[in-house]
Amino acid sequence: MFEDNFRKVEPYTPGEQTNDPSVVKINTNECPYPPSPEVEKALKNLDLDKLRLYPQPACNLLVDAIAEVYGLPADQVFVGVGSDDVLSMAFMTFFNSGKPVLFPDITYSFYDVWANLHGVPYKQIPLDKDFNIVKEDYYQENGGIIFPNPNAPTGVLVGLDMIEDILVHNPNRVVIVDEAYIDFGGESALPLIDKYENLLVVQTYSKSRALAGIRIGMAFGSKKLIKYLSDVKFSFNSYTMNTPALVAGAAAIRDKEYFEMTVAKVIKTREWMKEELKKLGFEFRDSMSNFVFATHPKYKAKDILDYLRANKVLVRYFNNPRIDNYLRISVGTDEQANKLIALLKDYIK
Ligand code: PMP
């Protein structure tokens with residue numbers, strides 16, 4: 001057969017996108033606020049003649065800006081087309097021992113897709129019944145470790161003591177901490193990269209920096225990790241990032257004040273949402289991200305999902321074992337959160 005020798009994969013399914021402005025879209029953890037005004041300025045000033053030329057292969061403009069803001073040497077910073085690109089490259093670069101890579105059973109559902117794509121064996125480690133990572137489970141032999149902190153979609157944050165413990169028990173394996181949601185109240189593992197040569201910290205512009213549409217992700221690590229990651233990137237695609245993204249990303253990262261203000265607004269709305277959801281009888285672990293992962297003892301998540309959708313509110317539902325009665329609800333603006341809570345009040349009588 002023609003297709004016999006094709007690679008066959010089960011792709012990741014991203015959350016639904018919509019162009020209907022009347023829909024309250026709280027299903028993909030985007031930022032409900034626009035990016036920094038500095039981004040608009042930078043893009044308006046972009047010399048379009050530059051687009052004739054290839055972008056910088058090493059993305060220096062962006063890497064230097066990130067390095068400056070984070071107080072790191074540029075050779076400890078790597079950037080890619082969203083953290084999805086960075087993470088996929090990291091799977092390719094670091095997980096080649098033939099032993100299983102470990103990650104939680106309930107986690108970002110792209111990890112097993114990349115493992116399958118890149119031919120990396122893996123083992124999903126069950127979270128405990130309260131969705132906690134059990135650190136001792138990561139002492140077993142493995143080919144590398146990856147988990148988000150806070151975890152997604154649970155929102156549960158672990159402390160740096162647990163991350164250090166896992167690093168200490170795995171000195172010969174790369175440990176990747178995916179910090180997509182760290183800016184919403186967690187403590188970053190970034191200061192540990194100089195202590196542990198095997199730690200890669202991955203972050204993104206898609207959530208706290210309101211630039212999901214421009215696709216920027218970054219990794220921080222020892223010079224050694226960044227060098228190997230860059231070699232793989234240059235063997236895959238020299239020009240992963242386009243010039244407008246480099247320009248916009250450099251402008252956004254320097255606007256610390258806007259970033260802090262945006263994050264503070266999201267956190268404030270999240271805390272209000274938590275209180276209101278609790279009053280309605282929802283149960284959830286305390287989320288330190290820009291979403292709440294909630295279940296209701298009396299109502300089926302799937303039914304709530306359908307009811308909200310019928311009322312033009314999109315939230316995320318995963319039909320997976322252990323979490324098929326949960327909804328992941330992104331924190332929107334106050335107005336969006338109000339609409340959500342008003343609808344739920346009508347539903348839960
Ligand atoms: N990691 C986690 C845990 C995520 O939830 C997401 C968002 N889907 C990503 C990484 C990827 O985000 P992006 O590619 O937009 O940076």
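Select from region 317-328 the residues that are open to solvent by 10 Å² or more (accessible area, probe 1.4 Å) and not in a loop (DSSP other than H, G, I, E, B) and list them in ascending order.
If the condition is that a residue be open to solvent by 10 Å² or more (accessible area, probe 1.4 Å) and not in a loop (DSSP other than H, G, I, E, B), then Y326, R328 are the ones that fit.
Are any of the residues in region 329-343 over 25 Å from A210 (Cα atoms), open to solvent by less than 80 Å² (accessible area, probe 1.4 Å) and in a strand (DSSP E or B)?
No, region 329-343 has no match at all.
Does at least one position in region 296-316 carry a residue that is under 23 Å from the mean Cα position of the chain (by Cα), of a type in the set (V, I, T) and open to solvent by 20 Å² or more (accessible area, probe 1.4 Å)?
Within region 296-316, not a single residue is under 23 Å from the mean Cα position of the chain (by Cα), of a type in the set (V, I, T) and open to solvent by 20 Å² or more (accessible area, probe 1.4 Å).
Looking at region 269-279 only, could you name the residues that are in contact (Cβ under 8 Å) with a residue 60 or more places away in the chain and either of a type outside the set (A, V, I, L, M, F, W, C) or open to solvent by less than 10 Å² (accessible area, probe 1.4 Å) (or both)?
Hits for region 269-279 are T269, R270, M273, E276, L277.
Filter region 54-80 down to residues that are part of a loop (DSSP other than H, G, I, E, B) and touching a residue at least 12 places away in the same chain (Cβ under 8 Å) and give me whichever is nearest to the ligand (Cβ to nearest atom).
C59
Just to be sure, is S188 open to solvent by 10 Å² or more (accessible area, probe 1.4 Å), more than 14 Å from N29 (Cα to Cα), part of a loop (DSSP other than H, G, I, E, B) and within 16 Å of the ligand (Cβ to nearest atom)?
It is true that S188 is open to solvent by 10 Å² or more (accessible area, probe 1.4 Å), more than 14 Å from N29 (Cα to Cα), part of a loop (DSSP other than H, G, I, E, B) and within 16 Å of the ligand (Cβ to nearest atom).
Going through N116, N132, N96 one at a time, which residue ends up being away from the ligand (no atom under 16 Å from the Cβ), assigned by TED's automatic domain parsing to the domain that holds I163, in a loop (DSSP other than H, G, I, E, B) and within 21 Å of the chain's Cα centre (by Cα)?
N132
Taking G155 as the residue in question, decide whether it is within 16 Å of the ligand (Cβ to nearest atom) and within 30 Å of E283 (Cβ to Cβ).
Considered against the rule, which asks whether it is within 16 Å of the ligand (Cβ to nearest atom) and within 30 Å of E283 (Cβ to Cβ), G155 comes out as yes.
Quick check on K41: is it in a loop (DSSP other than H, G, I, E, B), over 30 Å from L340 (Cβ atoms) and open to solvent by 30 Å² or more (accessible area, probe 1.4 Å)?
no
Assuming S83 fulfils every condition listed in (1) open to solvent by 50 Å² or more (accessible area, probe 1.4 Å); (2) in a helix (DSSP H, G or I); (3) within 16 Å of the ligand (Cβ to nearest atom) apart from one, which condition is it?
(1)
Condition check: at pLDDT 95 or above, open to solvent by less than 10 Å² (accessible area, probe 1.4 Å) and hydrophobic (A, V, I, L, M, F, W, C). Does A251 satisfy that?
No: the conditions fail for A251.
Can you find a residue in region 142-156 that is closer than 27 Å to D85 by Cα and surrounded by fewer than 17 Cβ atoms within 10 Å (Cβ to Cβ)?
No; the residues of region 142-156 include none that is closer than 27 Å to D85 by Cα and surrounded by fewer than 17 Cβ atoms within 10 Å (Cβ to Cβ).
So, P32, is that one within 16 Å of the ligand (Cβ to nearest atom), exposed (fewer than 12 other Cβ atoms within 10 Å of the Cβ), within 19 Å of R316 (Cα to Cα) and within 20 Å of the chain's Cα centre (by Cα) or not?
no
Could you tell me whether region 221-239 includes any residue that is within 13 Å of the ligand (Cβ to nearest atom) and either touching a residue at least 40 places away in the same chain (Cβ under 8 Å) or within 30 Å of H169 (Cβ to Cβ) (or both)?
No.
I'm checking my understanding of the structure. Among residues of region 175-185 that are under 19 Å from D85 (Cα atoms) and assigned to a loop (DSSP other than H, G, I, E, B), which one is farthest from the ligand (Cβ to nearest atom)?
E179
The values are calculated or read from the model by the stated rules, or taken from the named source; none is laboratory data. On a predicted model such as this, the values are computed, not experimentally measured, just so you know. Cβ: placed from backbone, ideal geometry, glycine included. Neighbour counts: every protein chain shown. Protein only, heavy atoms only, side chains kept; ligands, DNA and RNA dropped before computing areas. Shrake-Rupley method; radii C 1.70, N 1.55, O 1.52, S 1.80 Å.
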